[in-house]
Amino acid sequence: MEEVEYARMAERESSYWWHVGRLRIIETYLQKATKGKKDVRILNVGCGTGGTLATLERYGTVDNVDGSDDAIAFMRQLGYTRVKKMDGMKLPYKDKAYDMVGAFDVLEHIKDDAAALKEWSRVLKDDGSILITVPAYQWLWSGHDVALHHFRRYTTGRLKQVAVTAGLAASKVSYAFIFSLPLVAGFRFMRQMAAAKAGSETSYVDVPGWVNGMFTNFLYLEAKAHRYIPFPAGTSIIASLRKE
């Protein structure tokens, strides 16, 4: 990811509707993955600027890793000490060391996604979960993906297939951000019609405070629904994976 994008992300993670809503959806899955467990150990792969960490820490002890000096610097500025710079493909941890591995919008940054899942599975306990989010639909590819150094976007079918290759099964997989799909698709279509060149910049769109609050509330409602049903479409995918 470009250095400037870490600064933009850190600025928005606590208030921008996409980040706040995603975190609420993640927590819905996190509650189920850790239910009934004590002394939960969580590995946060690709911790970025730490937007998910406060939530993860409510459910257990969290170790954070990232391959970027900029991300690590942001984490340390926030006062976090359980953070290390390392390649998520080569973790220096023992087999079956963690109850949960979280990788939130990380897998799309890795060229060999199946190998990454195998490595994360190695450090996962037999009854543990890998909780991940990824962007949906290759046809939504844009300068946003270029700026974030993505290799691909996913469908639920493609993600399940990669999981199987890595010896994992999806205990639950769903699209997310269903309400934003027509908005994002429409926005990118209009840029194409206007012959806007796909630059390497994330597509944060500044919105009035009331719109930001409305979008956030939409996602809060969606997070509640994720407890009961998978969604058939959306701009992201969330999945809970287990060892077969």
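I'd like to verify a number: residues in the stretch 60-107 that are among the polar types (S, T, N, Q) and closer than 20 Å to Gly128 by Cβ, how many? Full working, then the answer.
The initial filter retains those residues of the stretch 60-107 that are among the polar types (S, T, N, Q), namely 61, 64, 68, 77, 81.
Still in the list and also closer than 20 Å to Gly128 by Cβ: 61, 64.
Summing the residues that are among the polar types (S, T, N, Q) and closer than 20 Å to Gly128 by Cβ in the stretch 60-107 gives 2.
Taking Phe218 as the residue in question, decide whether it is surrounded by fewer than 18 Cβ atoms within 10 Å (Cβ to Cβ) and either at pLDDT below 95 or under 17 Å from Leu117 (Cβ atoms) (or both). Talk me through it step by step, then tell me what you get.
Numbers: surrounded by fewer than 18 Cβ atoms within 10 Å (Cβ to Cβ): yes; either at pLDDT below 95 or under 17 Å from Leu117 (Cβ atoms) (or both): no.
It is false that Phe218 is surrounded by fewer than 18 Cβ atoms within 10 Å (Cβ to Cβ) and either at pLDDT below 95 or under 17 Å from Leu117 (Cβ atoms) (or both).
Return yes or no: is Asp39 in contact with a Phe, Trp or Tyr (Cβ under 6 Å, 6 or more places away or on another chain) and open to solvent by 30 Å² or more (accessible area, probe 1.4 Å)? Quick ask: steps written out before the conclusion?
Working: in contact with a Phe, Trp or Tyr (Cβ under 6 Å, 6 or more places away or on another chain): no; open to solvent by 30 Å² or more (accessible area, probe 1.4 Å): yes.
Against the criterion (in contact with a Phe, Trp or Tyr (Cβ under 6 Å, 6 or more places away or on another chain) and open to solvent by 30 Å² or more (accessible area, probe 1.4 Å)), Asp39 does not qualify.
How many of the residues making up the stretch 126-150 are open to solvent by 70 Å² or more (accessible area, probe 1.4 Å) and assigned to a strand (DSSP E or B)?
Taking the stretch 126-150 as the starting set, the residues that turn out to be open to solvent by 70 Å² or more (accessible area, probe 1.4 Å) are 126-127, 138-139, 141, 149.
Keeping just the survivors that are assigned to a strand (DSSP E or B) gives 126-127.
Qualifying residue count for the region: 2.
Could you please let me know if Val164 is at pLDDT 95 or above and either open to solvent by 40 Å² or more (accessible area, probe 1.4 Å) or part of a helix (DSSP H, G or I) (or both)?
Numbers: at pLDDT 95 or above: yes; either open to solvent by 40 Å² or more (accessible area, probe 1.4 Å) or part of a helix (DSSP H, G or I) (or both): yes.
So Val164 passes the test.
Scan the stretch 204-221 and report the pairs whose first residue is farther than 19 Å from Ser236 by Cβ and whose second residue is loosely packed, with under 14 Cβ neighbours inside 10 Å and modelled with pLDDT of 95 or more, with Cβ atoms within less than 8 Å and a gap of 6+ or a chain change.
That search, which allows pairs on different chains as well, returns nothing.
For the stretch 72-120, name all the residues that are open to solvent by less than 20 Å² (accessible area, probe 1.4 Å), over 16 Å from the mean Cα position of the chain (by Cα) and among the charged types (D, E, K, R).
Correct list: Asp99 only.
Can we say Val123 is within 21 Å of Asn44 (Cα to Cα), touching a residue at least 60 places away in the same chain (Cβ under 8 Å) and not polar (S, T, N, Q)?
Values: within 21 Å of Asn44 (Cα to Cα): yes; touching a residue at least 60 places away in the same chain (Cβ under 8 Å): yes; not polar (S, T, N, Q): yes.
So Val123 passes the test.
For the subset of the stretch 24-55 comprising residues that are among the hydrophobic types (A, V, I, L, M, F, W, C) and within 13 Å of the chain's Cα centre (by Cα), which member is nearest to Leu148 (Cα to Cα)? So that I can check it myself, show each step before the final result.
Filtering the stretch 24-55 down to residues among the hydrophobic types (A, V, I, L, M, F, W, C) leaves 25-26, 30, 33, 40, 42-43, 45, 47, 53-54.
Applying the additional criterion that residues be within 13 Å of the chain's Cα centre (by Cα) yields 25-26, 30, 45, 47, 53.
Numbers: Ile25: 22, Ile26: 20, Leu30: 25, Val45: 16, Cys47: 14, Leu53: 20 Å.
Looking at residues that are among the hydrophobic types (A, V, I, L, M, F, W, C) and within 13 Å of the chain's Cα centre (by Cα), I get Cys47.
Go through (1) at pLDDT 95 or above; (2) under 30 Å from Leu221 (Cβ atoms); (3) surrounded by 14 or more Cβ atoms within 10 Å (Cβ to Cβ); (4) out of contact with any Phe, Trp or Tyr (no Cβ under 7 Å at 6 or more places or on another chain) one by one and return the number of the condition Ala176 breaks.
Of (1) at pLDDT 95 or above; (2) under 30 Å from Leu221 (Cβ atoms); (3) surrounded by 14 or more Cβ atoms within 10 Å (Cβ to Cβ); (4) out of contact with any Phe, Trp or Tyr (no Cβ under 7 Å at 6 or more places or on another chain), only one is false for Ala176: (4).
The values are calculated or read from the model by the stated rules, or taken from the named source; none is laboratory data. Keep in mind it's a predicted model, so treat the numbers as computed, not measured. Every residue, glycine among them, receives a Cβ derived from its backbone with ideal geometry; neighbour counts consider all protein chains shown. Only protein heavy atoms, including side chains, enter the accessible area calculation; ligands, DNA and RNA are left aside. Shrake-Rupley method; radii C 1.70, N 1.55, O 1.52, S 1.80 Å.
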